[in-house]
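One structure is given here, and the rest of the page talks about it.
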């Protein structure tokens, strides 16, 4: 991967985001830009604002202040700056370009694997049955589930359900994928299959923002790691810099607490 993102224009622009929940501020004037084809991993302690920042990217969680743009197109802005009807119309259009993968799978148990991938295309993208099936089969092949197309979700492992959720997003041809702790609900032996799928997507230059606690994965797949604490971006940079030579004491303490010895610089 190793892209020179400094020479690339911003594809996603998140500017001056503020979000408060019942008196607690989750995001405090946060700005983050992502280049097309870049993979950004968000790390940090629980409650630091990672998931909130991810969910503001597609305005699933509207910010109290600030704005988000995808390829120059407005995703969301402060409520008093646009009428509700105009904002809803614009949001629906741009949201079709953004895929979201949650940590709890969100697959439909009453539909088999193939129908889980076909139905969203027909309903949201207004595709024909034939086109939706073709795209679904390609997406299922990408995540290694082509042989499970007739299975019911209840017969799948947790890792297979998460791969199904990823296939459903891929079939919609997203320009940006947002993944919120995609492996946190999985047993350890099921994690590697999902991470392998995400790594293949990264190698195909899919633009992704991934909230993760899998720092080994982040170090191998991310172009940039962003460390958050208390609703602020404390530090960001390439994985080898962030994980091996953190500039802030707060990040050093975070890595020490996790006992991340694998990322310490090797002695001569």
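Could you identify the single residue in 144, 99 that is in contact (Cβ under 8 Å) with a residue 40 or more places away in the chain, surrounded by 20 or more Cβ atoms within 10 Å (Cβ to Cβ) and not in a helix (DSSP H, G or I)?
Going through 144, 99 in turn, just one is in contact (Cβ under 8 Å) with a residue 40 or more places away in the chain, surrounded by 20 or more Cβ atoms within 10 Å (Cβ to Cβ) and not in a helix (DSSP H, G or I): 99.
Considering 148, 135, 126, which residue is under 27 Å from residue 12 (Cβ atoms) and over 22 Å from the mean Cα position of the chain (by Cα)?
On the way: 148 fails: under 27 Å from residue 12 (Cβ atoms); 135 fails: over 22 Å from the mean Cα position of the chain (by Cα).
Step by step, each of 148, 135, 126 is checked, and only 126 is under 27 Å from residue 12 (Cβ atoms) and over 22 Å from the mean Cα position of the chain (by Cα).
Of all residues in region 122-141 being closer than 21 Å to residue 178 by Cβ and modelled with pLDDT under 95, which is surrounded by the fewest Cβ atoms within 10 Å (Cβ to Cβ)?
123
Is it the case, given these coordinates, that residue 166 is in a helix (DSSP H, G or I), under 21 Å from residue 106 (Cα atoms) and touching a strand residue (DSSP E or B) at 6+ places or on another chain (Cβ under 9 Å)?
On the way: in a helix (DSSP H, G or I): yes; under 21 Å from residue 106 (Cα atoms): yes; touching a strand residue (DSSP E or B) at 6+ places or on another chain (Cβ under 9 Å): yes.
For residue 166, the condition - in a helix (DSSP H, G or I), under 21 Å from residue 106 (Cα atoms) and touching a strand residue (DSSP E or B) at 6+ places or on another chain (Cβ under 9 Å) - is met.
Would you call residue 47 within 19 Å of the chain's Cα centre (by Cα), at pLDDT below 95 and over 21 Å from residue 218 (Cα atoms)? Don't jump to the end; show me each part of the working.
Working: within 19 Å of the chain's Cα centre (by Cα): yes; at pLDDT below 95: yes; over 21 Å from residue 218 (Cα atoms): no.
Answer is no for this residue.
Within 19 Å of residue 105 (Cβ to Cβ), in a helix (DSSP H, G or I) and out of contact with any strand residue (DSSP E or B) (no Cβ under 6 Å at 6 or more places or on another chain), is that true of residue 190? Lay out the reasoning, then the answer.
Values: within 19 Å of residue 105 (Cβ to Cβ): yes; in a helix (DSSP H, G or I): yes; out of contact with any strand residue (DSSP E or B) (no Cβ under 6 Å at 6 or more places or on another chain): yes.
Yes, satisfied.
Given the structure, is residue 75 in a strand (DSSP E or B), modelled with pLDDT under 95 and surrounded by 14 or more Cβ atoms within 10 Å (Cβ to Cβ)? I'd like the intermediate steps shown before the answer.
Values: in a strand (DSSP E or B): yes; modelled with pLDDT under 95: yes; surrounded by 14 or more Cβ atoms within 10 Å (Cβ to Cβ): yes.
Answer is yes for this residue.
Within region 188-212, take every residue that is touching a residue at least 60 places away in the same chain (Cβ under 8 Å) and buried (at least 16 other Cβ atoms within 10 Å of the Cβ) and give me the one that is nearest to residue 177 (Cα to Cα). Outline the logic, then answer.
Pass one, region 188-212, residues touching a residue at least 60 places away in the same chain (Cβ under 8 Å): 202-203, 205-212.
With buried (at least 16 other Cβ atoms within 10 Å of the Cβ) added as a condition, the list becomes 202, 206-212.
Working: 202: 11, 206: 8, 207: 6, 208: 5, 209: 6, 210: 8, 211: 11, 212: 14 Å.
Out of the qualifying residues, it is 208.
The values are calculated or read from the model by the stated rules, or taken from the named source; none is laboratory data. Bear in mind that the values here come from a model prediction, so they are computed numbers and not experimental data. With ideal geometry, Cβ positions are generated from the backbone for all residues, glycine too; neighbour counts draw on all protein chains shown.
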